[in-house]
Amino acid sequence: MPPPPSGRSQFQKPADEAPQGPAWKEERGDAFGDSTVSSFVYNPWRHYSLDQQRQRLPIFKSRNSILYLLEKHQTVVVVGETGSGKTTQIPQYLLEAGWCKSPGMRIGITQPRRVAAITISQRVAEERGAPLGREVGYVVRFDDCSSPETKIKFITDGILVREMMADPLLKQYSVLMLDEAHERSIHTDIAMGLLRKILKKRDDLKVIVSSATLDAEALRDFFQSGPEGSPSATILTVEGRTFPVDVFYLNDPVANYMSATIDTILKIHRTQPLGDVLAFLTGQEEVDHVCQLLSEHSDGLERETGHRLTVVPLYGSLPPGDQLKAFELPPPKTRKIIVATNIAETSVTINGIVYVVDCGFVKIRAFNPLSGMDSLIIVATSRASAEQRAGRGGRNRPGKAYRLYTEDAFKSLEAATVPELQRTSLAPVILQLKALGVDNVLRFSYPAAPSAENMIQGMELLFGLGALDGEGALTEPLGLHMAELPLQPMLAKMVLGASEFQCTEEALSIAAMLQVENVFIKPARGEQKVNAERCRRKFSVLEGDHVTLLNVYAGFVKFGKSSQWCRQNFLHYKGLCRAVEIRRQLQKHLVKLKVRTSDTADRMEGALYDIDNIRRCIVSGFFANAAYLHPSGSYRTVRDDHELHIHPGSVLYAEKPPAWVVFNEVLQTTQEFMRDVTAIEPQWLYELAPHYYQYGTERQLSAKRAMEEA
DNA sequence: GAGCACTGC
């Protein structure tokens, strides 16, 4: 644990005197006491030259230590808070120290997110006075802004794993820096496991792992452990440049964190100097609800305090234009309240936040290996997450963070969030590792080992798909090709097997459309809502969502990929453009892999596609996600009789439910919903996946068929 | 008639 930003008071102060609202326990100072307003300062050094600015960054003091430790050790774990400048400066120190002198050698820096890779590389190019893409560049999916002369290359961690497939020893890099490693993205974790192996084979390679304090020692030990003479690792701590944040806890737990959020925000507004508020909730519904209730208080509060209140929601599925409102400066004498999901914890940074309200919960994806299903669940945050949220209030001036739980509750939280690798399906991971030459995926050195059940589920699925053989080895060409495609295994199988069903073109379109969410625009009410539904019906078919998506894609292409056509049909133009881009990339892969794709040309130009063939093709990839209609009216999975429902967003929702379906994924909210559903014939499961439905389930299938006939 | 945290190849 990092030390708290200020000394923690040992005793509880008397409860707040205000008659209403939660009572606060204080870590330092008064939760709602008076203090003077300081002016906003975003970059106090902006009148200095770029070079002078660089030298004023806290990391500059550690420059020599970093270079020295990297000479002495193969791995250095750099621990530093935000604002230390480590991401922008360390690569430049390395370049200046001659780490790219050998021809063709470069420094690679990974980021978990695309925007970060791009924007940071822009900043570094600017500091070096060079055009982006030359000495300093970046590579993310669909966007390669690098050249042979690039010495400092920013990439997403996913790109690094892909690069390993082409170049297992990563020979182009002299130093690799894994930034934001504490976020433990699935790709960072895989990269760390693989780098541990590479370091043993390449003693000239250096690795810098940049992390928050919590897991620094574990990361060092991960790179340190191993047989005699294994690479050495060490930790370097660098100071950050953030302002102190006073943290306040509740005296007693609250039953409803939404009303507590509202009470706390109102109290901040009544008692605290101007400064914006960021409140964390778990989902869209909560955010919208709290925003609505706060807006209702807005007028009364202005009369009472003389300050306006402007309330802005912020979550991922919000249209980009609406998201931007959270970043706009509020008008004078106005306090901006941003009510956000976890998107504001790491993905976006908003300036001017002084007060943070943290409900203490987060919605995360969980994976159940027994049923093979994903669900979204609301769980308590971790201490690391709570610190990160609080820190959002101290970027520009000292801040205050209000945690809607007791200090004891905080102490009992997990130290860090469970790594992604331990809560998603492992099938894609196993496929990647096998393709990278890791034969024994069970014994692979994961930074955090996933459960055995999860491993087995992943292996079984890959075996069922034909990507692994009986010995657990990657099959050729199918398994190898599946690993090459940037698609989840079931979709990859569907696309690669499509030539058998003469529908590769259609399968590519469907796969691309499934990567894009929210293609259909749904106005909340009124005439527009009716119009939107009418438009959607034009594309809908009784066979289900996959073919409906295909119709949308085909229409988009047929009408010249026009934004006007999208507006008329209530479709998201940008989403469809993205689908076109993804499809082009997939097609490129197929050509590279020499997979037969010319089948459509065999048919008449403009001829209708054969829907049955497409459905069979879908089944060839998604047979593991099959369900049948139960007399109760809901569905049951074929594999383990798990109860499922058709999601209200499906075109089949309002229709007569088909007896048998396959689905793209399951989403658990109030019930377990199948998303993207296609009606199938049950015998296709036998025909197309005999190895999967041969035993055990056969009895179920025949029993159900008998039931249907009865 | 109900609803989807956030990324990434």
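Things worth noting here:
- Residue list for the stretch A:63-102, restricted to those being under 30 Å from A:Arg389 (Cβ atoms) and not in a helix (DSSP H, G or I): A:Thr75, A:Val76, A:Val77, A:Val78, A:Val79, A:Gly80, A:Glu81, A:Thr82, A:Gly83, A:Ser84, A:Gly85
- Those residues of the stretch A:411-423 which are surrounded by fewer than 18 Cβ atoms within 10 Å (Cβ to Cβ) and either among the hydroxyl-bearing types (Ser, Thr, Tyr) or more than 25 Å from the chain's Cα centre (by Cα) (or both), in sequence order: A:Lys411, A:Ser412
- Subset of the stretch A:161-172 (residues that are among the acidic types (Asp, Glu) and either in a strand (DSSP E or B) or more than 13 Å from DNA strand B (Cβ to nearest atom) (or both)): A:Asp167
- Checklist (1) modelled with pLDDT of 95 or more; (2) open to solvent by 40 Å² or more (accessible area, probe 1.4 Å); (3) of a type in the set (D, E, K, R) applied to A:Arg141, failing item: (1)
- So A:Glu345, is it open to solvent by 30 Å² or more (accessible area, probe 1.4 Å), at pLDDT 85 or above, within 13 Å of DNA strand B (Cβ to nearest atom) and assigned by TED's automatic domain parsing to the domain that holds A:Lys400: no
- Number of positions in the stretch A:612-641 that are within 19 Å of A:Asp374 (Cβ to Cβ), out of contact with any His (no Cβ under 6 Å at 6 or more places or on another chain) and of a type in the set (S, T, N, Q): 2
- Considering (1) more than 16 Å from DNA strand B (Cβ to nearest atom); (2) among the β-branched types (Val, Ile, Thr); (3) open to solvent by less than 40 Å² (accessible area, probe 1.4 Å); (4) within 23 Å of A:Phe539 (Cβ to Cβ), the lone condition that A:Ile611 does not fulfil carries the number (3).
- Odd one out for A:Asn351, checked against (1) of a type in the set (S, T, N, Q); (2) closer than 19 Å to A:Arg423 by Cα; (3) open to solvent by 20 Å² or more (accessible area, probe 1.4 Å): (2)
- Annotation note: of A:Lys588, A:Lys529, A:Lys561, the sole residue that is modelled with pLDDT of 85 or more, surrounded by fewer than 20 Cβ atoms within 10 Å (Cβ to Cβ) and out of contact with any Phe, Trp or Tyr (no Cβ under 9 Å at 6 or more places or on another chain) is A:Lys588.
- Single condition A:Leu480 does not satisfy, out of (1) within 16 Å of DNA strand B (Cβ to nearest atom); (2) touching a residue at least 60 places away in the same chain (Cβ under 8 Å): (2)
- Residue in the stretch A:261-275 that is of a type in the set (Asp, Glu), touching a residue at least 12 places away in the same chain (Cβ under 8 Å), over 17 Å from A:Asp358 (Cβ atoms) and more than 16 Å from DNA strand B (Cβ to nearest atom) present: no
- Any chance A:Lys522 is within 10 Å of DNA strand B (Cβ to nearest atom) and either open to solvent by 20 Å² or more (accessible area, probe 1.4 Å) or not in a helix (DSSP H, G or I) (or both): yes
- Which numbered condition A:Lys101 misses (of (1) within 16 Å of DNA strand B (Cβ to nearest atom); (2) open to solvent by 30 Å² or more (accessible area, probe 1.4 Å)): (1)
- A:Ser445 vs. criteria in contact with a helix residue (DSSP H, G or I) (Cβ under 8 Å, 6 or more places away or on another chain) and part of a loop (DSSP other than H, G, I, E, B): yes
- Among the residues making up the stretch A:316-342, those that are at pLDDT below 90, open to solvent by 10 Å² or more (accessible area, probe 1.4 Å) and within 16 Å of DNA strand B (Cβ to nearest atom) are A:Gly316, A:Ser317, A:Leu318, A:Pro319, A:Pro320, A:Gly321, A:Asp322, A:Gln323, A:Leu324, A:Lys325, A:Phe327.
- Residues in the stretch A:278-287 include none that are within 16 Å of DNA strand B (Cβ to nearest atom), open to solvent by 20 Å² or more (accessible area, probe 1.4 Å) and at pLDDT below 85.
The values are calculated or read from the model by the stated rules, or taken from the named source; none is laboratory data. It should be emphasised that the depicted structure is a prediction, and the values quoted were computed from it without experimental measurement. For neighbour counting, all protein chains shown are included, and Cβ atoms are generated from backbone atoms with ideal geometry for every residue, glycine included. SASA here: full protein model, heavy atoms, side chains in, ligands and nucleic acids out. Shrake-Rupley method; radii C 1.70, N 1.55, O 1.52, S 1.80 Å.
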